[in-house]
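Structure first, then comments.
The values are calculated or read from the model by the stated rules, or taken from the named source; none is laboratory data. From a predicted model like this one, the values you see are computed outputs, not experimental measurements. Ideal geometry is used to build each Cβ from the backbone, glycine not excepted, and the neighbour counts take in all protein chains shown. The accessibility values were calculated without ligands, DNA or RNA, using every heavy atom of the protein model including side chains. Shrake-Rupley method; radii C 1.70, N 1.55, O 1.52, S 1.80 Å.
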Amino acid sequence: MKRLIIALALAAAGLQIQAAPRMRYDRWFNHYHDSVVYKTFMKSKGAAPDTTLDQALALIRRIHDYSGGLHQVVYLVGWQFDGHDSKYPDWSEVGPQCRSSLSDDPLTSLRLAMQEARKYNADLSLHVNMNDAYTNAPSWKTYEANDLFCRHKDGGIVRGGQWGGEWSYRISHVKEFRKGFAQKRILGLLEMLPDLKRSGTIHIDALFGQKSDYEGVSALDDFRAIVDIVDFWHAQGVDVTTEFLGRRDQVGVFPMCYHLNMDEQMHLEIPPEVLCGGDDAWNTRHGSDYYDNRRAWMGVVPTPGSAYEEAWGVGSTRGDLNGGLLRDPHGLVARLFRTAFLFCYYNRSRAVRHWADAEHYVVERADGVVADVRKADRHLTVTDNGRLVLDGGDCLLDLPHGGGTLLAFSEKGCDRVFTLPKAHADAKLLKGTRWPEGTAVELSVVDGQVKVVLPARSSLTLRR
C-alpha cells in the first residue's frame with residue numbers, strides 16, 4: 001500500500017513510474033558513469049598523424065592532474081595499419097603511428113603505453129570496427145570465400161560508406177558469428193594485446209544491424225547477432241562500448257554509447273551506471289532543422305535527445321580529446337569542467353524528477369542535487385540540498401574518488417565564497433594546486449566556507 005501511495009504521488013508530480021532497465025550481465029568490467037571517457041584520434045588513412053602516442057599519454061597525465069586522479073577510459077582511434085578506417089576487418093597490425101618514446105616497435109610501444117596509462121588511473125584501449133570490410137584488407141579473400149557479407153536479393157555485396165576515398169562493404173554479423181570468424185578476430189586481438197583484458201573495455205564503431213536479403217536475414221536478426229558478439233567479448237572479460245544505441249531493447253548490453261540521444265523520460269528511466277554517454281553535437285533537438293534529411297536519422301538513436309543536456313549529465317567529454325589540446329591547457333581545463341567533471345558529479349546519483357516552466361528547466365536527483373537552467377540565457381545553477389555547487393561558470397565540486405578531492409573552476413574568473421560539503425565542513429585548511437599553471441595553493445576555511453579566487457578558465461584541485 002505504501003509503495004502504491006508513493007507511486008501515485010510521483011505520478012502526480014509528472015514522473016512516469018516504470019521498472020528500471022537492467023543490465024544483461026552481472027557487472028561491467030570497467031566503470032564509465034563516474035569516469036572521464038573519451039577518444040583520442042591518432043591518424044586517418046593517407047594523412048599525417050593527428051595525435052602521437054606520446055601526446056596521448058601526455059593528455060592522460062594532464063587530465064590526471066587536473067582532476068585529482070579521476071579515473072579515465074581512453075580509446076585510441078586509428079591505431080591500426082594506415083589509420084582510421086584502414087584495412088578492416090583486420091586488426092592484426094599496429095601501425096607505425098604508434099611508435100613512441102617507449103619503443104620504436106609499434107606493437108611494443110602500444111603495449112607499454114597501456115601499462116604506462118594505468119599509473120595515472122587510466123584504462124587505455126582501442127576503437128575498432130566490426131561492420132566494414134575493404135578490398136585491400138589482408139583477409140578480404142577469406143571473407144569473400146566464406147561468404148561473410150550482407151547481400152542484396154540479386155546476390156551482390158551490400159556496400160557501406162566511402163571513407164578516406166575507399167568504399168567499405170558490409171559484414172553480416174549473423175554469418176560472421178555463426179561461422180566463427182567474429183570470435184577468431186576477437187581472440188586474435190586479445191592475444192596480440194593481452195592488456196586489453198586488464199583495461200576491460202573496447203569501443204566498436206557504428207555497431208548496427210544490416211539486413212541481408214539474399215539469405216532472408218533481417219536487420220533484427222543482425223541486431224541479435226550483435227548481442228551474441230557482445231556476449232562473447234564479455235565472456236573474455238571485456239565490455240563493449242559503441243557509437244550509438246541502435247535499439248531501445250539494447251539497453252543493458254552496452255555500458256556507454258559515445259553519441260547517445262536520451263530524451264528526458266529515458267534519463268529518468270535508466271540509471272547512469274546502467275547506461276551513460278552522449279554528445280550534444282548529435283542531438284537533433286539542438287539542431288537548426290530537426291527535419292534536415294542529413295540529420296533526421298540521428299533523432300532515433302534512440303530518441304531525439306534532451307532539450308538542455310547540461311542539466312542531466314551523460315558520461316563523456318562530448319567529442320574527442322586530441323593532441324592539439326596540449327597547446328591550449330586553459331581550453332582543456334574548461335572543456336573538462338563543462339562536460340566530464342560536471343557529469344561525474346551529477347552521476348553520483350540518478351535523476352528522479354524533471355519539470356519545466358516558461359523560465360526554468362529543472363532536473364532533481366535522488367541525493368538532493370538540483371540542476372536549474374534559466375531558459376533566457378542558459379545560465380546553469382546547481383545546488384546540493386540548498387548548498388551552491390555551480391553558478392554559471394563558477395563551481396566547487398566534490399567528486400566520487402578517493403582522497404576527498406575538491407575541484408574548483410571559473411570560466412571568466414571569480415572571487416567568491418563557497419560553502420564546503422559536510423565531509424569537509426570541519427576543515428581548517430585546504431591545500432592543492434592551481435591549474436594549468438601547476439602553482440601550489442593553500443586556502444583557509446572559516447566556518448565551513450572557503451574563498452575561491454581564480455583567473456579565467458583556471459581550476460584548483462584541493463584536499464584537506
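Data for the structure
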| quantity | calculated |
| --- | --- |
| Filter result for the condition that a residue is closer than 30 Å to Glu166 by Cβ, at pLDDT below 95 and aliphatic (A, V, I, L, M), over Ala19, Ala48 | Ala48 |
| Trp163 vs. criteria touching a residue at least 60 places away in the same chain (Cβ under 8 Å), closer than 27 Å to Asn30 by Cβ and aromatic (Phe, Trp, Tyr) | no |
| Residue check, Leu268 within 30 Å of Ala356 (Cβ to Cβ), open to solvent by less than 30 Å² (accessible area, probe 1.4 Å) and either assigned to a helix (DSSP H, G or I) or at pLDDT below 95 (or both) | yes |
| Candidate set: segment 395-424, residues that are exposed (fewer than 13 other Cβ atoms within 10 Å of the Cβ) and over 19 Å from Val382 (Cβ atoms); chosen: the one modelled with the highest pLDDT | Asp415 |
| Members of segment 197-224 found to be in a helix (DSSP H, G or I), touching a helix residue (DSSP H, G or I) at 6+ places or on another chain (Cβ under 6 Å) and crowded, with 20+ Cβ neighbours inside 10 Å, listed by number | Asp222 |
| Test: residue in segment 210-218 that is out of contact with any Lys or Arg (no Cβ under 8 Å at 6 or more places or on another chain) and on the phi > 0 side of the Ramachandran plot | yes |
| Residue satisfying condition, being in contact with a His (Cβ under 7 Å, 6 or more places away or on another chain) and either at negative phi or crowded, with 18+ Cβ neighbours inside 10 Å (or both), within set Leu102, Leu110, Leu70, Leu124 | Leu70 |
| Residue within segment 37-46 that is free of Cβ contacts under 8 Å to residues at least 40 places away in the same chain, over 30 Å from Gly432 (Cα atoms) and open to solvent by 20 Å² or more (accessible area, probe 1.4 Å) present | no |
| Index of the failed condition, Arg374 passing every other in (1) more than 23 Å from the chain's Cα centre (by Cα); (2) under 16 Å from Tyr66 (Cβ atoms) | (2) |
| Sole residue being open to solvent by less than 10 Å² (accessible area, probe 1.4 Å), out of contact with any Pro (no Cβ under 9 Å at 6 or more places or on another chain) and modelled with pLDDT of 95 or more, chosen from Leu388, Leu430, Leu380 | Leu430 |
| Residue check, Val240 closer than 15 Å to Asn129 by Cα, surrounded by 17 or more Cβ atoms within 10 Å (Cβ to Cβ) and within 25 Å of the chain's Cα centre (by Cα) | yes |
| Residue match in segment 80-89 (condition: at pLDDT 95 or above, surrounded by 23 or more Cβ atoms within 10 Å (Cβ to Cβ), closer than 23 Å to Asn347 by Cα and touching a Leu at 6+ places or on another chain (Cβ under 9 Å)) | no |
| Residue satisfying condition, being out of contact with any helix residue (DSSP H, G or I) (no Cβ under 9 Å at 6 or more places or on another chain) and of a type outside the set (Phe, Trp, Tyr), within set Gly246, Gly188, Gly237 | Gly188 |
| Some residue of segment 93-114 being within 23 Å of Leu321 (Cβ to Cβ) and charged (D, E, K, R) | yes |
| Verdict on Lys175 being under 25 Å from Val37 (Cβ atoms), basic (Lys, Arg) and not in a loop (DSSP other than H, G, I, E, B) | no |
| Unmet criterion (only one of (1) closer than 26 Å to Gly438 by Cβ; (2) in a strand (DSSP E or B); (3) β-branched (Val, Ile, Thr)) for Thr317 | (2) |
| Residues that are part of a loop (DSSP other than H, G, I, E, B), out of contact with any helix residue (DSSP H, G or I) (no Cβ under 9 Å at 6 or more places or on another chain) and under 18 Å from Gly209 (Cα atoms), drawn from segment 131-155 | His152, Lys153 |
| Ala182, sole failed condition from (1) out of contact with any helix residue (DSSP H, G or I) (no Cβ under 6 Å at 6 or more places or on another chain); (2) outside any loop (DSSP other than H, G, I, E, B) | (1) |
| Total residues in segment 244-259, condition in contact (Cβ under 8 Å) with a residue 40 or more places away in the chain and buried (at least 19 other Cβ atoms within 10 Å of the Cβ) | 9 |
| Residues of segment 169-196 satisfying the condition of being surrounded by fewer than 20 Cβ atoms within 10 Å (Cβ to Cβ), farther than 23 Å from Pro106 by Cβ and in contact (Cβ under 8 Å) with a residue 12 or more places away in the chain | Arg178, Lys179, Phe181, Gln183 |
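Table: residues versus (1) part of a strand (DSSP E or B); (2) under 16 Å from Arg348 (Cβ atoms); (3) of a type outside the set (Asp, Glu).
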| site | (1), (2), (3) |
| --- | --- |
| Leu396 | yes, yes, yes |
| Gly404 | no, yes, yes |
| Leu407 | yes, yes, yes |
| Asp415 | yes, no, no |
| Ala427 | no, no, yes |
| Leu430 | yes, no, yes |
| Glu442 | yes, no, no |
| Lys451 | yes, no, yes |
